[in-house]
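Take a look at the structure below.
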C-alpha cells in the first residue's frame, strides 16, 4: 500500500497511507466540532486536505488570486534571536524589502508590555525614525503576559503558590490585582506608541496566562478604543481554549474560561479589536493532517461568524505549524495554504 | 518562517499591493476580498493584478508610492505614505502627525 511522507506535530517525518491520513482528518474535525460546537469540515474540504498531504511537492502555495496579507508578532526580535547583528530599523527594512512583508512590527526583545513600560521613551524614537523610512503599516507589539505581575517578578502574590495550598480566594484576588496593573501598562504603552505614530498595536499571545489575562487584554483594548477610535488594534490569541486559571472572570457577562476561538472573537469585536488572530495549539504526538484539519476547522468558524478580519496565528506550534524552532517548509506551506483556502482567513 | 509563509500565501508587501490591502483591513476593517477589490478600484487595475509584482511595479512607479528597488527620486518612506493616504482616501496616523509637526496642518 502506498505511503505518503508527512510529519508529526513535533516536526518529525512519518509515513502514512491515504486511509490513515483520511482517518486522522476525520478524527480531528470531529474533535474540533465536538469541543467548540461548530460545524465539522465538509467531505470536499476533507478531500482537499487528503490531496494536499498526498502531494509529493515540498513547497505548496495558494492558488493565484488567493494571496492574503501577512502580519507578524515580535517582528524585530526574530533577527536578534537568530544572532543576526542588525538594528531594529534595519530588521524592519529587511522585512519590508527582502521578505515581502505586508505589515511590519517593532518590538522590544523582552516582548511583554511590563518590561516595555520603563523603556518606552527609548522605543518611541526608534518607532518614529522607522516610520520615516518605511512604507508598510508599522505595528508596535508586545504580550500582555500576566505572569510577570506575580511574585517574584511582580507585586502580586503568586497564584501558583497559593492554589496548591487551597487558597483559592487569595489566588483569585491576586489575579484580579494583576489585571489592574496589566491594564495600566498596556494602555500606557499602547497610547505612547500610537502618539508616536504607530499604525497599530499588537497584543500578542493574549490569554496565555488564562482567563484573567484575557480579561486584562479586553479591558485595555476597550480603553484604548475609546481613547483612539481610529487606532488599529490587533489581538492574537495564545491558545484555542481560554484556561480557567481564575475561573470566575467575566467580560460583558460572558464567562471567559472555556471559550473557543469563535467565542473569543465575539468578545474581541465587542472590546474594539480591529484584527483578530485565532490560535489552535499543536498536539505534538498527533500527525500534521490531524493538527491542520483541526486548526482549519476552528479558524473557519471565526471567518464565517466574525465581522472583522481574521489573521490566523501560524508561528511555531500553532495553526498547524509544527512545534519546532525551524518549521520545515513542506509542513508550514501546507498549513499556510490550508488555513487560507479552507480556513477562509483574511491574513496570517 | 516568514519566507515560507510569504511564498505560500503572502501578497508580497510593497512588491505588489500587500501593504495597501493591509491598510484597508486596518483602517476600515475590510475582509480580504473587500480590501483587494477596494485597492484594485483605487489603483484602476483588476483584482487579479493586485498581487502581480510585474503589474504592481509599474503601478507603484507611476503613482510613486514606493518600490522594492532603490530607484533615485522614487518615494521611500514617509513621502510614499503621504501619497498612499491620498490615493486610498484613508488617514495614516504617522502622516497626520508629521503634517502637524511640520505645520502643514494645525
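Quick note: the coordinates plus some simple rules give every number you see, no bench work behind them. Since we're looking at a predicted model, the values are computed, not measured. Cβ coordinates were reconstructed from backbone atoms using ideal geometry, including for glycine residues, and neighbour counts include every protein chain displayed.
Points to keep in mind about this one:
- Of A:63, A:263, A:37, the one that fluctuates the most in a GNM where chain A has Cα springs shorter than 10 Å: A:63
- Nearest-0.05 FRET efficiency for residue B:71 and residue A:55, computed from C-beta distance (R0 45 Å): 0.70
- Between the stretch A:210-242 and the stretch B:1-80, the Cα center-to-center distance that results, in Å: 28
- Degrees, to the nearest 10: A:168-195 long Cα axis against longest axis of chain A: 90
- Note on residue A:82 and residue A:27: the model spin-label points, each 7 Å out from Cα along the C-beta direction, lie 3.5 nm apart.
- Centroid-to-centroid separation of the stretch A:108-141 and the stretch A:150-204 [C-alpha atoms, Å]: 20
- Cα centroid of the stretch A:38-79 to Cα centroid of the stretch A:1-28, whole Å: 17
- Förster radius 45 Å - calculated FRET efficiency between residue A:226 and residue A:1 (Cβ-Cβ, nearest 0.05): 0.15
- Taking label points 7 Å from Cα along the Cα-to-Cβ direction, residue B:44 and residue A:37 give a separation of 5.3 nm.
- Taking the inverse of the mean reciprocal distance over all distinct Cα pairs, the Kirkwood hydrodynamic radius of the stretch A:3-341 comes to 20.7 Å.
- DSSP beta bridge pairing in the protein assembly as shown, given as percent antiparallel to the nearest 5: 30
- Nearest-ten-degree value, helix A:211-227 long axis tilted from longest Cα axis of chain A: 70
- Shape category assigned to the stretch A:190-348 from the gyration tensor of Cα positions, a/c cut at 1.5: prolate
- Relative contact order (%) - chain B, alpha-carbon pairs under 8 angstrom, separation at least six: 19
- Choice from A:164, A:325, A:118 showing the highest fluctuation, given a GNM over chain A with Cα pairs closer than 10 Å: A:164
- Secondary-structure-derived ellipticity at 222 nm for chain A, considering helices only, amounts to -14000 deg cm²/dmol, per-run term -39500 (n - 2.57) for DSSP H runs with n ≥ 4.
- The stretch A:264-348: relative contact order as a whole-number percent, Cα under 8 Å and 6+ apart: 34
- The stretch A:239-318 shape via C-alpha gyration tensor axes, a/c threshold 1.5: oblate
- Gyration tensor verdict on the stretch B:39-101 (Cα atoms; rounded if a/c is under 1.5, prolate if a/b is larger than b/c, oblate otherwise): oblate
- Springs between Cα atoms under 10 Å define the GNM used for chain A, and in it the highest mean-square fluctuation of A:163, A:148, A:332 occurs at A:163.
- Angle in degrees between helix A:261-271 and the longest Cα principal axis of chain A, rounded to the nearest 10: 30
- Burial order of peptide ranges A:169-181, A:92-104 (average beta-carbon count within 10 Å, highest first): A:92-104, A:169-181
- Contact order for the stretch A:3-341, expressed relative to its length and based on alpha carbon pairs under 8 Å spaced 6+ residues apart, stands at 20 percent.
- In this rough spin-label picture, where each label sits 7 Å from Cα along the Cβ direction, the residue A:110-residue A:15 distance is 5.1 nm.
- Quarter the surface of the alpha carbon convex hull of the stretch A:1-117 and you get the mean projected area, 11.3 square nanometres.
- Each 10 Å bin from zero up to the one holding the largest Cα-Cα distance in the stretch A:54-148 carries the following percent of pairs: 15, 41, 27, 13, 4, 0.
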